[in-house]
1. Would you call residue 118 among the β-branched types (Val, Ile, Thr) and at pLDDT 75 or above?
2. Out of everything in segment 48-94 that is part of a strand (DSSP E or B) and of a type in the set (D, E, K, R), what residue ends up being least open to solvent (accessible area, probe 1.4 Å)?
3. Considering each of 67, 71, 96 in turn, give the residue that is under 21 Å from residue 126 (Cα atoms), at pLDDT below 95 and among the hydrophobic types (A, V, I, L, M, F, W, C).
4. Going by the structure shown, is residue 40 within 16 Å of residue 122 (Cα to Cα) and out of contact with any Pro (no Cβ under 8 Å at 6 or more places or on another chain)?
5. When the residues of segment 6-41 are filtered to those that are without any contact (Cβ under 8 Å) to a residue 60 or more places away in the chain and polar (S, T, N, Q), which remaining residue is most open to solvent (accessible area, probe 1.4 Å)?
6. Residue 129 versus (1) outside any loop (DSSP other than H, G, I, E, B); (2) at pLDDT 70 or above; (3) out of contact with any Asp or Glu (no Cβ under 7 Å at 6 or more places or on another chain): which is the lone unmet condition?
7. Suppose we keep only residues that are over 12 Å from the mean Cα position of the chain (by Cα) and of a type in the set (Phe, Trp, Tyr) within segment 1-51. Which one would you say is farthest from residue 115 (Cα to Cα)?
8. Here's a check for you: in segment 46-100, which residue that is touching a residue at least 40 places away in the same chain (Cβ under 8 Å) and among the β-branched types (Val, Ile, Thr) is nearest to residue 2 (Cα to Cα)?
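The values are calculated or read from the model by the stated rules, or taken from the named source; none is laboratory data. Just so we're clear, the structure is a prediction, and the values are computed from it rather than from any experiment. Using ideal geometry, Cβ is built from the backbone for each residue, glycine included, and neighbour counts are taken over all protein chains shown. For accessibility, only protein heavy atoms count, side chains too; no ligands or nucleic acids. Shrake-Rupley method; radii C 1.70, N 1.55, O 1.52, S 1.80 Å.
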Amino acid sequence: MLSHYQMKEIPYLRILGRTNGSLEPVTLFWTASGIELNVKATEIWVKIRSDYDVFEPWVDVIVDGVLSQRLMVNKGEQEICLFRNMERDKVRNVKLLRDTPAFPTDEKTLLQLLEVETDGEFLPLETPKLRLEVIGDSITSGEGGSGAGEEMTWNSFCFNAVDNYAYMAAKRTGRGVQLHQSERLGRFLFLGRQ
């Protein structure tokens, strides 16, 4: 039987990236912002809310370090299955990441995480020894990371939170990462120990 948890009720929930600090709901603005949790369960779902006028948000689901889903998010509230039919006794690390940046030309852009449903239990997360904050431009937001190489149309699909240098560098070095994308600005910030 699935139990519902508001975001503020989830023990060991890690918020990834810059947000407004609220857990009611968790509002995701930037590429690779999202949530991370360890769960021992057969299934887990996230209820989300989305809105946009022009550029729809996309999300990535990463289970045990492997990209398992890349999804376009429809307007309104909906549930996304992160995984199901898994072994109950295995602890799985799950991340849900915003793939697309907040588009300044789309005033309605919105992606919020409302609650989690699962039949399992939440377990502690390992704290990264170090973390990086990458402040950059279109490369930082993974622009061009998805789609055909010759595709030059600027749209939501072309952005990718996982197949970009900042996420790959953090994963390879065992660090946590936060991304902040703004045109014509690129910097690595070493934030040290948490």
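1. Values: among the β-branched types (Val, Ile, Thr): yes; at pLDDT 75 or above: yes.
Judged against the criteria, residue 118 is a match.
2. Residues of segment 48-94 that are part of a strand (DSSP E or B), as a first pass: 48-51, 58-63, 66-72, 76-83, 91-94.
Keeping just the survivors that are of a type in the set (D, E, K, R) gives 49, 51, 60, 70, 77, 79, 92.
On the way: 49: 76, 51: 46, 60: 1, 70: 57, 77: 101, 79: 89, 92: 20 Å².
Step by step, filter segment 48-94, then rank; the result is 60.
3. Working: 71 fails: under 21 Å from residue 126 (Cα atoms); 96 fails: at pLDDT below 95.
Answer to the selection: 67.
4. Working: within 16 Å of residue 122 (Cα to Cα): yes; out of contact with any Pro (no Cβ under 8 Å at 6 or more places or on another chain): yes.
So residue 40 fits the description; yes.
5. Initial filter on segment 6-41 (without any contact (Cβ under 8 Å) to a residue 60 or more places away in the chain): 8-9, 15, 19-24.
The next check asks that each one be polar (S, T, N, Q); those that pass are 19-20, 22.
Details: 19: 43, 20: 91, 22: 41 Å².
The qualifying residue most open to solvent (accessible area, probe 1.4 Å) is 20.
6. Among (1) outside any loop (DSSP other than H, G, I, E, B); (2) at pLDDT 70 or above; (3) out of contact with any Asp or Glu (no Cβ under 7 Å at 6 or more places or on another chain), the lone unmet condition for residue 129 is (1).
7. That would be 12.
8. Just the residues of segment 46-100 that are touching a residue at least 40 places away in the same chain (Cβ under 8 Å), to begin with: 46-60, 62, 65, 67, 70, 72, 83-100.
Within this subset, residues satisfying the condition of being among the β-branched types (Val, Ile, Thr) are 46, 48, 54, 59, 62, 91, 94, 100.
Values: 46: 12, 48: 17, 54: 35, 59: 23, 62: 21, 91: 17, 94: 17, 100: 30 Å.
Filtering segment 46-100 for residues that are touching a residue at least 40 places away in the same chain (Cβ under 8 Å) and among the β-branched types (Val, Ile, Thr), the one nearest to residue 2 (Cα to Cα) comes out as 46.
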